[in-house]
């Protein structure tokens with residue numbers, strides 16, 4: 001059970017928590033949609049990153065959409081997932097070497113987009129975990 005009451009606005013439990021402020025909910029959803037609609041990345045890579053973040057943070061609703069793959073064959077996806085796991089941990093600093101690893105597979109534009117996607121996903125998962133979001137209501 002969530003730590004606060006769900007609002008009447010939004011479709012998912014996370015959206016109903018954000019729905020206490022409709023402007024925040026609408027803009028949050030718009031940004032989330034942008035990450036998928038205008039992404040430079042293959043949807044499979046994005047989904048692996050999303051799943052890694054969900055399990056790194058522990059958001060029940062985020063985790064309910066699928067477990068991270070145990071074995072990732074694609075080196076580009078594996079690099080992105082490893083970076084996402086590190087970036088999602090608040091006690092680990094991102095080093096120049098971490099960025100150099102990304103540069104082996106991604107352009108500067110893609111690195112900026114990947115970092116933004118990870119930061120947004122981490123924030124979304126932390127929001128859900130902090131308020132103990134339910135998988136369904």
Selection from region 1-38 of residues that are closer than 19 Å to residue 88 by Cβ and in contact with a helix residue (DSSP H, G or I) (Cβ under 6 Å, 6 or more places away or on another chain): 14, 28, 35
Helices (runs of 4 or more DSSP H) contained in region 43-137 and holding at least 3 residues touching a helix residue (DSSP H, G or I) at 6+ places or on another chain (Cβ under 7 Å) and closer than 22 Å to residue 14 by Cα: 43-57, 60-63, 75-88, 108-130
Filtered residues of region 14-41 (kept if more than 13 Å from residue 117 (Cα to Cα) and in a loop (DSSP other than H, G, I, E, B)): 19, 20, 21
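Coordinate-derived values only; no laboratory data. This is a predicted model, so every value here is computed, not measured. Note that each Cβ is placed from the backbone with ideal geometry, even for glycine, and that neighbours are counted across all protein chains shown.
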